[in-house]
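Enquirer: I have a structure I would like to understand better, so I am pasting it below and will then ask my questions one at a time.
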Amino acid sequence: MAAYVSMGEAHRRITEYLTRFSDAVSYQDGQSLSRLLSVSSNSPALLSLADALNTYQDANRIIRQSEKYSQYTDILVPIFRALQSYRLRNLVEAYVAFEKVSNAFIQEFRNWESAWALEALYVIAYEVRILAERADIELASIGKTPEKLKGAGSFLMKVFGVLAGKGAKRVGALYVTCQLFKIYFKLGTVHLCRSVIRSIETAKFFDFEEFPDRDKVTYMYYTGRLEVYNENFPAADHKLSYALAHCNASKEANIRMILKYLIPVKLSIGILPRTTLLEKFNLTEYSDVVLALRRGDLRLLRHALQEHEDRFLRSGVYLVLEKLELQVYQRLVKKIYIIQKQKDPNKAHQIKLDVIVKALKWLEMDMDVDEVECIMAILIYKNLVKGYFAHKSKVAVLSKQDPFPKLNGKPVNS
């Protein structure tokens, strides 16, 4: 809620902000400049300035009367409007005003030879996305079409174009790329990520290792998620593992976000996480999935998928987890093999399909011999089981050497 401010105090606060802005540009102080542009930060300094602007209605005149400030009119006038609107919770107006700030800032940024203003550019990119998201919520609440986030994406593509060249400014390209990823994932237009990824990974003027660690982790996290959607699990494993290895150990929320996708990928290539890891990062929705894989318990797997269906669907990993059924079948057959080997080592490699049917029935999974034969055929085809069928006698004859090949970090053959 806006606080009462006298006219004199309002004038002082406005003039102080303008002086700080001018000095930050003159002394090329990117960090100070970035703080002056953080509309959504709710910093006490900017909130008090917004209160002053709502009291002193002629702030634009102060800007235009001074040559020191007037050269930045295209940035300062709309930033004041954005701050006022945001303070009054007029989020669509705040976004529209900040979009003007952003376009004017980019024009100035092009003309600055060095990369001193990168921190401020990062704030511009972040604020455009955040304000657009909040403006779209406001639009949706009054029955209008949410369109601001899409516009923010178009603006950030323009920013990416400014940074995608030679020189020190190019290290900012990955941060902007990550903001674009967040927009595309939010809008469900992840296919738009491809052109930006190509630019980052194929352009000769980008050296991935020169980018800040923070941006590399975020980039690998989102591109890893894309590989999960594409079911390219070796690539997803590489990217998400990179993100995990380089993530700040104190950022547990970020580690949890990475693990939420890395765990299904690891499961799909036959690597099971420890229970302590799931508990530490509150990822216990995977506990029964892992237990089902260890036991060969198809009923438990299906129950876990049903219980956490909404969560897995929102994350986009439901289909990945559903495909773990083949590994569960493999584990079930292996347990039957081990039991038979203890009873009669000479006949352990001959498994009657009826025995598998009974094991499934014990798990309350009703299947007939023909269905089990079909499943065994798939397991053999996918190289999860080595062997062949004696069709007439309804027996699966397993190889005496390594009848259950390990995935060894590779996905099940498609």
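The values are calculated or read from the model by the stated rules, or taken from the named source; none is laboratory data. Quantities reported herein were computed from a predicted structural model and do not represent experimental measurements. Cβ sites come from the backbone with ideal geometry, for glycine too, and all protein chains shown count toward neighbours. With ligands, DNA and RNA removed, areas are computed over all heavy atoms of the protein, side chains included. Shrake-Rupley method; radii C 1.70, N 1.55, O 1.52, S 1.80 Å.
Enquirer: Consider only pairs whose beta carbons are under 9 Å apart and that are at least six residues apart or on different chains; among these, list those whose first residue lies in region 204-221 and is farther than 15 Å from LYS251 by Cα and whose second residue is modelled with pLDDT of 85 or more and not in a helix (DSSP H, G or I).
Expert: Qualifying pairs under 9 Å: TYR219/PHE211.
Enquirer: Which numbered condition trips up ASN111, out of (1) modelled with pLDDT of 95 or more; (2) under 20 Å from LEU33 (Cα atoms); (3) exposed (fewer than 13 other Cβ atoms within 10 Å of the Cβ)?
Expert: The number of the failed condition is (1).
Enquirer: From LYS186, LYS150, LYS158, LYS169, grab the single residue that is under 28 Å from GLY224 (Cβ atoms), under 14 Å from the mean Cα position of the chain (by Cα) and in a helix (DSSP H, G or I). Break it down stepwise before answering.
Expert: Working: LYS150 fails: under 14 Å from the mean Cα position of the chain (by Cα); LYS158 fails: under 14 Å from the mean Cα position of the chain (by Cα); LYS169 fails: under 14 Å from the mean Cα position of the chain (by Cα).
Testing whether each residue is under 28 Å from GLY224 (Cβ atoms), under 14 Å from the mean Cα position of the chain (by Cα) and in a helix (DSSP H, G or I) leaves just LYS186.
Enquirer: If you scan region 339-371, which residues turn out to be free of Cβ contacts under 8 Å to residues at least 24 places away in the same chain, closer than 14 Å to GLY296 by Cβ and open to solvent by less than 70 Å² (accessible area, probe 1.4 Å)?
Expert: Within region 339-371, just VAL355 meets the criteria.
Enquirer: Here are some conditions: (1) free of Cβ contacts under 8 Å to residues at least 24 places away in the same chain; (2) surrounded by 18 or more Cβ atoms within 10 Å (Cβ to Cβ). ASN42 meets all but one. Which one does it not meet?
Expert: All conditions pass for ASN42, except number (2).
Enquirer: Output the residues belonging to region 258-274 that are open to solvent by 30 Å² or more (accessible area, probe 1.4 Å) and in contact (Cβ under 8 Å) with a residue 24 or more places away in the chain.
Expert: Scanning region 258-274 gives LYS260, LYS266, GLY270, ILE271.
Enquirer: Test ALA173 against the stated conditions and say whether it is among the small types (Gly, Ala, Ser) and either out of contact with any helix residue (DSSP H, G or I) (no Cβ under 6 Å at 6 or more places or on another chain) or at pLDDT below 95 (or both). Walk me through it before giving the result.
Expert: On the way: among the small types (Gly, Ala, Ser): yes; either out of contact with any helix residue (DSSP H, G or I) (no Cβ under 6 Å at 6 or more places or on another chain) or at pLDDT below 95 (or both): yes.
It is true that ALA173 is among the small types (Gly, Ala, Ser) and either out of contact with any helix residue (DSSP H, G or I) (no Cβ under 6 Å at 6 or more places or on another chain) or at pLDDT below 95 (or both).
Enquirer: Based on this model, can you work out whether ILE255 counts as open to solvent by less than 40 Å² (accessible area, probe 1.4 Å) and under 20 Å from LYS216 (Cα atoms)? Step through it out loud before you land on a result.
Expert: Numbers: open to solvent by less than 40 Å² (accessible area, probe 1.4 Å): yes; under 20 Å from LYS216 (Cα atoms): yes.
Taking the combined requirement at face value, the residue satisfies it.
Enquirer: Of these, VAL372, VAL357, VAL320, which one is at pLDDT 90 or above and β-branched (Val, Ile, Thr)?
Expert: VAL320
Enquirer: Sticking with this structure for a sec: Would you mind telling me which numbered condition in (1) within 30 Å of LEU139 (Cα to Cα); (2) open to solvent by less than 60 Å² (accessible area, probe 1.4 Å) ILE62 fails?
Expert: (1)
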